[in-house]
1. Along the positive direction of the dipole of region 61-240 (beta-carbon charges: Lys, Arg +1; Asp, Glu -1; about the Cα centre), which of P139, Q160, M75 reaches farthest?
2. Rank the residues S499, S330 as a footprinting-exposure proxy: fewest other Cβ atoms within 10 Å of their Cβ go first.
3. Just the Cα atoms of region 324-405, one point each, no solvent: what log10 I(q)/I(0) does Debye give at q = 0.21 Å⁻¹?
4. For E477, what residues show an amide H to amide H distance below 5 Å, using hydrogens built from the backbone and excluding near sequence neighbours?
5. Along the charge dipole of region 61-240, which of L216, I86, L109 sits closest to the positive end, that is, farthest toward it, with unit charges on the beta carbon of Lys, Arg, Asp and Glu (+1, +1, -1, -1)?
6. For a quick check: with amide H placed at 1.01 Å from N, whose amide H comes under 5 Å from I370's, ignoring anything fewer than 5 positions away on the same chain?
7. Kirkwood Rh, region 61-240, all Cα pairs: how many Å?
8. Rg and Dmax of region 334-493 over Cα atoms: what are they, in angstrom?
Amino acid sequence: MKGKLFIFLIVAAITLSFAQDENNSSALQEQNTTILLQKQQVEKLKQSLEQINQKLEQESVWQKVYANHLAYIDMEEKIKKIDRQIKAYRRKGPTRYRSAIRDLEAQKLKLREQLNLLKDYRANPFKTLIRPKEVKEVPTVTNPVAIIGAFSFIKKLDEQQSRFEYEIQSLKKFIDLLNRKIALLKDIAELEKGDKELKEELARTIKEVDEAEDALSLHQTALVVYKKKVDEIRLRLTEQIKQQAKKAGTIGATVLTILLFVLLFKWLVKRTITDNERFYMANKIINFTFFFLVIIILLFAYIENVSYLVTVLGFASAGIAIAMKDWFMSMLGWLVIVLGGSIHVGDRIRVDKDGKMYVGDVLDISLLRITMFEDITLTTYTHNRRAGRIIFIPNNYIFTDMIANYTHATLKTVWDGIDFTITFNSDYKKAQHIARETAKKYAKGYTDITRKQLNKLRSKYSLKNTNVEPRIYSFIEENGIRISVWYMTNAYATLTLRSTISAEILDQIKKEENIAIAYPSQHIYLDKAKKKPTISKFDEDIV
């Protein structure tokens, strides 16, 4: 019995030992499987963490900015550590550790230079990077031109607001990535509890998230305030734009109404006034009145304080009067010319200035000057020897210089004269007759026209001598008898008639044997006893 019991115990022990070994082997296998699964899970978490880190580095500017902020803080800590080391070496003995202190000073200088480059990242970058531009000067819409500036300013505000909102959304996405990173770091830390670097990275990320969320909260509040401010500015500018648009519409309607009346007046003037010169002057007056009314309307519409303008102009009037004396005198001269009617467009005038004379036709009378076209006249023939120029005459010359009008009022003719000299022994009476008849023949039409024109002027001017028939004068000169014939001619074509009459008189005198034109000549007398005829000054006797 004892032998059987012993054998049974031995078998039982062996069986139990095999069972325990199997259990231990199974537990070890399970443990190895758990470790393997844990490593695989950590590997997956690290892969996800790497992807998030890549997104943070590549797609988010916040991470780069915050990295610069951390670099700034790290450099500050290094500088402080170097300062502590330098103080410790100096306490031990500056002479003994002179070389070490010099090396630390050089390192400190380099860190200071690097720190200076990163000074913009000293404060919390999440608070400084998102910062809406301050609205400094809001434009005021006081005229239609300012409407363009107001629309541009509103567009600029909308762009700034959109940019602010975009940056806040970008910060939110960045915070979401950081929260995902924190979750992954916590999971990895649970699996790898002894990794200190992992814990430090987790702590830095949590701090970064806290600063970012603090800045996000601040910026969201600032966005609400900024939106209210932008909405207020937009409403104010929109109201001002509406007011100015309405005001501009009213002014435009007023100007359009005045323009319609101006066109109506021009139509009536064109139908009632047949004289081109009077129509031109009336048209100029209507245009000037129109522009004057438009300027007055614009001044009173867009100058806020007209009395202030009058005061300023009053103080500045003395200086303006001195600086713009010629302009004011020209404007006053224009009023005298237009209201007095001394000169009209189309008149032929002569201007004497500093010994120079210009004769021509008036093309235009503006506010500051008279524009004249220089024609070929006796003046250009005897003095200038040049014509066809456009002469600009300041209106103030009417007060200081001589301006003669050849065609004033209804007169279109002027007196012109031809002088010629005959010898003392010529029949001067016959020469007078030839000159008179020739002048009557060619100037008859102008004589009749002038007589009618002068009769019309009797109601306006005191005319004593209205004789317009050709006039003949004889004068004893040193070189002979000068015959002067005067006749009426067209003010615009004096040279033409002068040339015609001169040629005709010369032809008639040539036919007369007892009339000789005085000119330098020589007389030779072979017989001394013969009586010498009376000769002119230009004759030279040779005996």
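Read the figures in this text as sums done on the coordinates, not as results from a lab. In this text the structure is predicted, and so the values were computed from the model without any measurement. No Cβ is skipped: glycine too gets one built from the backbone with ideal geometry, and neighbour counts run over all protein chains shown.
1. Towards the positive end, the residue furthest out is M75.
2. Values: S499 11, S330 22.
Going from sparsest to densest Cβ surroundings: S499, S330.
3. Log10 of I(q)/I(0), two decimals: -0.91.
4. Hits under the 5 Å cutoff: R482.
5. I86
6. I393, N395
7. Working: mean 1/r = 0.0485 Å⁻¹.
About 20.6 Å, per the Kirkwood formula over Cα pairs.
8. Rg, Dmax (Cα atoms, Å): 18.4, 60.
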